[in-house]
Amino acid sequence: DGGITQSPKYLFRKEGQNVTLSCEQNLNHDAMYWYRQDPGQGLRLIYYSQIVNDFQKGDIAEGYSVSREKKESFPLTVTSAQKNPTAFYLCASSIRRRPNTEAFFGQGTRLTVV
Amino acid sequence: AQKVTQAQTEISVVEKEDVTLDCVYETRDTTYYLFWYKQPPSGELVFLIRRNSFDEQNEISGRYSWNFQKSTSSFNFTITASQVVDSAVYFCALSGGTGGFKTIFGAGTRLFVKA
């Protein structure tokens with residue numbers, strides 16, 4: 001089945017640790033995105049990538065990093081610099097980076113700092 | 001700046017009731033796109049509909065219908081004869097214009113449909 005796979009589904013991090021969230025898509029989409037979802041705040045864009053080896057900061061990129069070495073993969077690292085990392089993280093992709101294209105989403109990773 | 005407001009945080013209805021989810025948007029652009037997504041308990045957002053700013057025709061898809069009114073900057077979503085499976089969080093979103101491809105999401109409306 002075509003789609004977006006995020007792993008793990010649940011992730012616990014100790015304070016001061018970096019963690020990496022995985023996102024893989026087999027839809028052959030050019031554009032990929034990372035969003036953060038907090039209760040009552042909708043989705044906020046962290047990073048996005050239009051093509052391999054290119055990515056841009058979104059609205060809340062501080063404390064996060066990404067890479068796009070392969071078209072199918074767009075991992076997100078939550079670094080120790082992110083002061084409030086507990087949230088639900090969603091990865092998405094779209095055929096191309098155009099405003100009129102809908103996004104396809106993974107099932108998310110829930111990150112908790114312990 | 002672009003903005004999407006979903007004033008209803010939570011709505012609770014009994015099965016078979018009709019329910020309307022409100023969405024009000026702000027943009028100074030003439031060309032833009034509006035979306036609705038559904039987020040079931042499994043977590044992933046599922047695309048429901050896209051509308052461009054030049055197409056004000058209302059749309060019906062089964063029990064779902066959408067009312068787009070530029071005069072009031074609203075893009076409301078109605079579920080007719082609601083079912084328990086409609087229970088989810090619904091997001092309205094806006095992209096295009098000065099925002100480019102970036103999609104601005106509303107805060108979402110959580111819908112509970114009770115049997």
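Of all the criteria given as (1) under 17 Å from A:Arg98 (Cα atoms); (2) modelled with pLDDT of 95 or more, the one not satisfied by A:Ser73 is (1). The one condition from (1) in contact with a strand residue (DSSP E or B) (Cβ under 6 Å, 6 or more places away or on another chain); (2) within 14 Å of chain A (Cβ to nearest Cβ); (3) assigned to a loop (DSSP other than H, G, I, E, B) that B:Thr30 does not meet is (1). The single condition among (1) without any contact (Cβ under 8 Å) to a residue 60 or more places away in the chain; (2) assigned to a loop (DSSP other than H, G, I, E, B); (3) hydroxyl-bearing (Ser, Thr, Tyr) that A:Thr77 does not satisfy is (2).
If you go through segment B:33-47 and keep only what is crowded, with 17+ Cβ neighbours inside 10 Å, under 14 Å from the mean Cα position of the chain (by Cα) and either part of a strand (DSSP E or B) or of a type in the set (Asp, Glu) (or both), you end up with B:Tyr33, B:Leu34, B:Phe35, B:Trp36, B:Tyr37, B:Lys38, B:Gln39.
Selection within segment B:74-109: residues that are surrounded by fewer than 16 Cβ atoms within 10 Å (Cβ to Cβ) and more than 8 Å from chain A (Cβ to nearest Cβ). The member of this set that is farthest from the chain's Cα centre (by Cα) is B:Thr98. A Cβ distance below 6 Å, combined with a sequence gap of six or more or placement on separate chains, defines the contacts here; from segment B:75-91, residues that are of a type outside the set (S, T, N, Q) reach residues that are surrounded by 14 or more Cβ atoms within 10 Å (Cβ to Cβ) and part of a helix (DSSP H, G or I) in the pairs B:Ile79/B:Asp86. Of everything in segment B:67-105, what is farther than 24 Å from A:Leu90 by Cα and assigned to a loop (DSSP other than H, G, I, E, B)? Give them in sequence order. Listed by number, the residues that qualify are B:Ser73, B:Thr80, B:Ala81, B:Ser82, B:Gln83.
Taken over segment B:5-25, the criterion of being closer than 17 Å to B:Thr103 by Cβ and either modelled with pLDDT under 95 or part of a loop (DSSP other than H, G, I, E, B) (or both) is satisfied by B:Gln6, B:Cys23.
On the stretch given as segment A:73-92, residues that are surrounded by 21 or more Cβ atoms within 10 Å (Cβ to Cβ) and within 12 Å of chain B (Cβ to nearest Cβ) total 4. Based on this model, can you work out whether A:Arg97 counts as under 12 Å from the mean Cα position of the chain (by Cα) and either in a loop (DSSP other than H, G, I, E, B) or acidic (Asp, Glu) (or both)? In short, no.
Among residues of segment A:51-70 that are more than 16 Å from A:Thr86 (Cα to Cα), those with a beta-carbon under 9 Å from a residue that is basic (Lys, Arg) and in a strand (DSSP E or B) at least six positions away or on a different chain give the pairs A:Val52/A:Lys70; A:Gly58/A:Arg44; A:Asp59/A:Arg44.
The values are calculated or read from the model by the stated rules, or taken from the named source; none is laboratory data. Only a predicted model underlies this, so the values are computations on that prediction, with no experimental measurement involved. All Cβ positions, glycine included, derive from the backbone under ideal geometry; neighbour counts span all protein chains shown.
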